[in-house]
Each structure stands twice: as C-alpha cells, then as structure tokens.
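The values are calculated or read from the model by the stated rules, or taken from the named source; none is laboratory data. Here the structure is a predicted model, which means the values were calculated and not measured. Please note: Cβ atoms are built from the backbone with ideal geometry, for glycine as well, and neighbour counts cover all protein chains shown. Remember, those area values only see protein heavy atoms, side chains included, never the ligands or the DNA or RNA. Shrake-Rupley method; radii C 1.70, N 1.55, O 1.52, S 1.80 Å.
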2 protein chains.
Amino acid sequence: MRATLSVPTVVRTIAELHARLDEYRAAAAAGTIGLVPTMGYLHEGHASLLRRSASENGFTVLSVFVNPLQFGPTEDLDRYPRDEERDRAVAAEAGADLIFMPSVSEMYPKRPLTTISLTGVTEGLCGASRPGHFDGVAIVVTKLFNLVRPDRAYFGLKDAQQLAVITQMAEDLNVPVEIVPCPIVREESGLAMSSRNVYLSPEEKSQALVLSRTLKRVPEWAAAGANAKELKERVRQAIEEQPLADIDYVEAVEYPSLAPLEDEKEAAKAGRVLVAVAVRFGKTRLIDNILLPQA
Amino acid sequence: MRATLSVPTVVRTIAELHARLDEYRAAAAAGTIGLVPTMGYLHEGHASLLRRSASENGFTVLSVFVNPLQFGPTEDLDRYPRDEERDRAVAAEAGADLIFMPSVSEMYPKRPLTTISLTGVTEGLCGASRPGHFDGVAIVVTKLFNLVRPDRAYFGLKDAQQLAVITQMAEDLNVPVEIVPCPIVREESGLAMSSRNVYLSPEEKSQALVLSRTLKRVPEWAAAGANAKELKERVRQAIEEQPLADIDYVEAVEYPSLAPLEDEKEAAKAGRVLVAVAVRFGKTRLIDNILLPQA
C-alpha cells in the first residue's frame, strides 16, 4: 500500500521517457523498474497489474498505446475505446510512477521493415482468427521493452495466448525482462474484465455471462474424467444456448506450448491445460479461459 | 593504446557472462560496454573493431560464435575455420576484456519458435543468394544484444548488407545499442580481410585480387559520369577476365536502403551508392564492396 497518492508524470515522447528513466536510474536509491504495457481504457484488471508492479519494483511505468499493428483491417482499431483522464486516475490510484502515452508516429515514424513472428504458439486460438495479430503484439512489446528496459513486465492471463507468445519470444531471444503472469480479474457477475466490455448492450452483457459460468464448471468436468473432445463439446453446447453467442472457437490446448490436446486425452491427466474460448456477442468479440489444474 | 596487455577472461555460459558483466557494472568506475560480435578465426579486420571498441568504452566484450542459423544447408558451416588459441591472442592484443564463446546448445537450447525477418534491405545482394541468412543474423545479434546489453556494437563495412540489416532492425525495434560501422580492412595486396580467405589456394587468392583492384576504380568511373548499368558492366567485365572467377552478383544499390539503383542513373549523382560483389573462386565465396562517395 502507498501511504500517499502521487500523480504519475505523463510523457508522450521517447526523449521524455528516457529523460525520466535516466533520472530514476541515476538516483542513489534506484530500485528495479516494472512495466505494465496496455492499450488504455484501464479497468480493474490493469489496476491489479499496476499494483503488483508497484509492490515489487521501485518504479512502475504504465504504457498506454493502441497499437495499430495488432489490429486486422476489419477489426475495431478506429472505435477502440479511449479515456485518458480515467486512465490517469486509475494509474495514480494503482501506484504507477510514469505513464508513457506515445502517438502512433512516435512509435512508428516509418513503417517497420522488421517483422517478429512465432510459429507454434501463434497457430491456434486467436492466432488462427486474427492473422498478423501476434506479429503486432511481438513488435510493440519488443519496442516497449527496448525503450523502457524494465526488470519485470506484467501481463494478464486473460490474454493467455499473448502471454504464451511473449514468454516464448523472451526465452528464444534472451530478453532480459522477467515476464510476470497475473490472474484474470472478473466483475462481480463473473465477466472477465476487458476494455471491450464497454461495447456490450445490456442484453449482450447478460448473455456473455455464459462464458465465465461455463468455464467455471470445467475443473469439475475434467475431474470427472472428461476428455478434451467432451470438454470442448460441453463448453460449446452451454455457450450455444445463448441466442446472441456466435462462437469463434472453443479449444483445449496444452499450456504453455498451446499444442492442441488430443481429443481422447483426459484433461485431468494432461499436465497444464488451457480451455479457451472466443465468442462474438453482436459486434463484440470476447475471450475468456481457464487454466487446469487451478492454482 | 593500452599500457599493459591483459588477458581477457573466457566465459562459455550465459550465467558466467552475466556474472562478469554484473561485476563490471557494479564497479564504482563502471563505464560503457562495447560488443564486437564475431564468428571467430579473427583477423586484422576484427582486431580493428576490438581496438575501436576498447578506445571508446570502459569494457569490451568479444563474442565468438559460429551461428548455425545463418548458414544455408549447402553452405560451409561444418568447415568454417576455428582457432580458439589464436582468437584469444588477437583479442588480448586488441584490448578485449571478456570473450564470450558459447556452445550451440547454450545459445539455442531448443530450436527457437521466433523469427526476426526484414523486408527491403534483405531482398537483394546476399539476401537473394542466401535465403534465411539474414534471419539468422538478426536473431543471433538480437540474442547477443539482450545477453550483453552493450552501449555500442561494432560491425565492419565489409558485410555492408549485414550492417544495413542490423541498423534497420535497431531502428525499427528501438534497440538501445549504438551501431558503429567500421571501415573495411585489407591485406597489403588489397584483398579484403575475411576468415574465409584461408580456404583460397595460391592461384585463387591471386585471381581474387581482381575484386579490390576493380572496386578501387569505381570512384573514377563514377566521377566520369558512368551510370549504374555501365558501372556494373565494367566491374563484371573486369572480374570475368579471371578464369577462376564465378560471379554470384555485381550490384549498384542505394545505401543504406539497398534499393537497386536505376540503370540510367549516374552513380555520382545518386547520394550514397554501394557497389557490391559476390564472387566464387573455387569453393570459396568472397564478397567485397565500395561505398560512394568515399569518406
């Protein structure tokens, strides 16, 4: 807990970011630096990452950047929600020391000629429905790591595939940053926190509760001996009962390799298994997941 | 100049490398760190990079690693020359403080799932004849940068395309390392220094002098108004006079974009132009180049 609420400085350029970080690093009592990369429109999930970083590091940097390279041509880049005032308030409350809010031209003065791509972990789940998405994630995370040079970076398990991709990339490239996975934060209703929840109509939101309600039952189904195929079918059937639900995928994969689990394999006997779903309600695509065995 | 010749420590594991670097960084008088990445079998070209680094930094790391990912299946990975004792002696003489000589399994404990690839700069010249080569260069340089976290890294202009690729990657990814280009070092005969020169028979070596002899005349041809096509033809004709010469490419490209120069464009009026050649003598593929206008 922080005794006083300090207002984090907002910087918009790389030069200012470096000036602030140099200042911090030059201080006699400089500690470690934590980074929480976000696309803004912060919710309690982001706040939990910031609080964790503030508790583990001497200095916490929040980045807020809606990264165009991770959006497909038909996706919601243009209408992605933004609220700088609220982001600053959440960041202050959660203990961020510095907010880096660059423009697109500050991050990409020219279209990069460099691509960072991963095989394996990117092939199923959201990678299959969002071609190029994880290339966009990989490049922006690499840039942010190089710009901030944090000791630790915090990512939510809600985006489990993103976390697996970043962890794999960090391992492959000897990235000198500890990747810290953080648990999914849910609304009281069970709905996983997401900036995109703001798009949902009341009716869509109510039907979307099927995701958390169904995933919550997965551990008992697995414990009762359900194999991968049965598990996926049960989840699919439960979701399909909601008339507004349009399923993109329901998958059961090994974690963190994200290799598909064989249909006949019992989930309870397969090491760590990620059961993950992506479902559209109206125009809004939601993702949610559960990791077995539960911690 | 160094007053005394200190023998650089050799480390073979990442853990030892980090221990030595942490030790240096923790010292009260710690200065900047320079990195000279090589594949070993050091010659005077490498020594010039080490001397430059030693003169500009408080601590110089030499890496010696024959990176399998930058060799094609039909290339000379297995017979690439190695001589650890000589490398240690050259490194000591040239002022290296630490030599990092990892095994292949230390650098690649598993086959990486991550690829770093570039468009544009990798498409012509050696990129066209050596598919995947620059992906291999990009990943190993990224890994070495992440492992050593140098302030500066030194690369020779002999591998002009490699330098252009690394510079572009560093810019695209905000890599926090200053990339320092260093001039080509030649034997007294004019032959550009290369670890691969050891493969040449006396006859091949003698005929290979045509490369430097011809490239040396390029500035006068350009000054006399030769356009790109004429320049390339003159260079090609001169090289073809040597019966053992088997030309891979003779190119004139803009630098550092490496975009092909239009045939009709006068080289002297085109900003910076790289005239680059790759030629086989027997089994040995040599490269050489000249950058216009000359410094």
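Given a 1.4 Å probe and no ligands, DNA or RNA in the count, how much accessible surface is buried by B and A, both sides, to the nearest 100 Å²? Don't skip to the end; give the middle numbers.
Values: alone 14320 and 14320 Å², together 26460 Å².
Roughly 2200 Å².
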### Message
Let me confirm one metric for peptide A:116-122, namely the mean number of other chain beta-carbon atoms within 10 Å of its residues' beta-carbons.
### Response
4
### Query
Which one of B:261, B:219, B:208 has its Cα pushed farthest toward the positive end of the charge dipole of segment B:195-290, where Lys and Arg give +1 and Asp and Glu give -1 at the Cβ?
B:208
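So, counting K/R as plus one and D/E as minus one, what does the shell of residues with Cβ under 9 Å around residue A:276 add up to? All intermediate terms of the calculation are to be shown ahead of the outcome.
Working: positive: none; negative: A:251, A:288.
Result for the local shell: -2.
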### Anchor residue B:232: lysines whose Cα lies under 20 Å away (excluding residues fewer than 8 positions away in-chain)
B:158, B:216, B:265, B:269
### Task
Considering Cα pairs under 8 angstrom that are at least six residues apart, work out the relative contact order of chain B and quote it in whole percent.
17 percent
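Of all alpha-carbon pairs in the protein assembly as shown, indicate the percentage at a distance above 39 angstrom.
Details: 68419 of 173755 pairs.
Tail of P(r) above 39 Å: 39 percent of Cα pairs.
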## Note on the structure
The percentage of the accessible area of segment B:183-271 (probe 1.4 Å, all protein chains present) made up of carbon and sulfur atoms, to the nearest whole number, is 46 percent
### Task
With only Lys, Arg, Asp and Glu charged, each at its Cβ (+1 for the first two, -1 for the last two), find how big the charge dipole of the protein assembly as shown is about the Cα centre; round to the nearest 20 debye.
560 debye
### Buried on assembly, segment B:163-200 (at least 20 Å² less accessible surface than by itself, 1.4 Å probe)
B:168, B:171, B:172, B:173, B:174, B:176
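Could you work out the mean count of beta carbons from other protein chains within 10 Å of each residue's beta carbon in B:136-148?
Numbers: counts 0, 0, 2, 3, 0, 0, 7, 4, 1, 4, 8, 4, 2.
Per residue, the average neighbour count from other chains is 3.
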### Query
On full extension of the chain, what length is gained from residue A:103 through residue A:32, given 0.36 nm per residue of separation minus the C-alpha to C-alpha distance?
22.9 nm
### Query
So for the protein assembly as shown, taking the charge dipole from beta-carbon charges (+1 Lys/Arg, -1 Asp/Glu), which of A:49, A:271, A:193 sits furthest toward the positive end?
A:49
### Options A:59, B:127, B:65, ranked by Cα towards positive dipole end of the protein assembly as shown, top entry (Cβ charges)
A:59
### Message
If you rotate chain B onto chain A, whose Cβ in B ends up lying nearest the axis, and how many Å away is it?
### Response
B:116, 3
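Considering only protein heavy atoms and a probe of 1.4 Å, how much of the accessible area of segment A:9-182 is carbon and sulfur, as a whole percent?
Here carbon and sulfur together make up 51 percent of the probe-accessible area.
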### Task
Put a label point 7 Å from Cα along the Cβ direction on residue A:128, then list its distances to the equivalent points in the other copies in nm, shortest first.
4.0
### Query
From largest to smallest, what semi-axes in whole angstrom does segment A:195-290 give when each is the square root of 5 times an eigenvalue of its alpha carbon gyration tensor?
25, 13, 10
### Query
For segment A:211-295, what is the accessible area per residue in Å² when the probe is 1.4 Å?
51 Å²
### Task
For residue A:143, list the lysines whose Cα falls under 18 Å from its own Cα; do not include residues on the same chain fewer than 8 positions away.
A:110, B:143
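Per residue, how many Å² of accessible area does segment A:34-80 show with a 1.4 Å probe? Each step should come with its number before you reach the end.
On the way: 1650 Å² over 47 residues.
Heavy-atom SASA per residue in segment A:34-80 reads 35 Å².
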### Task
Provide an ascending nm list, one decimal, of label-point separations from residue B:294 to the equivalent residue in each further copy; define each label point as 7 Å from Cα along Cα→Cβ.
7.5
### Message
Using a 7 Å offset from Cα along the direction of the beta-carbon, what are the separations from residue A:213 to the same position in each other copy, nm, ascending?
### Response
8.6
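Place a +1 charge on the Cβ of each Lys and Arg in segment A:195-290 and a -1 charge on the Cβ of each Asp and Glu, then give the dipole magnitude about the Cα centre in debye, rounded to the nearest 20.
Numbers: 15 positive and 16 negative charges, 69 e Å.
In total the dipole reaches around 340 debye.
Using the Kirkwood formula on the Cα atoms of chain B, what hydrodynamic radius do you get, in angstrom to one decimal? Working shown, then result.
On the way: mean 1/r = 0.0499 Å⁻¹.
Kirkwood hydrodynamic radius for chain B: 20.1 Å.
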## Note on the structure
About its Cα centre, chain B carries a charge dipole, from +1 on Lys and Arg Cβ atoms and -1 on Asp and Glu Cβ atoms, whose size in debye to the nearest 20 is 340 debye
#### Entry: Chain-alone versus full-assembly comparison, segment B:98-114, residues with accessible loss of at least 50 Å² (1.4 Å probe)
B:113, B:114
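State, as an integer percentage, the relative contact order of segment B:138-282 based on alpha-carbon contacts under 8 Å between residues 6 or more apart. Walk me through the numbers on the way to the answer.
Working: 188 pairs, mean separation 27.6, N = 145.
Dividing the mean separation by the residue count of segment B:138-282 yields 19 percent.
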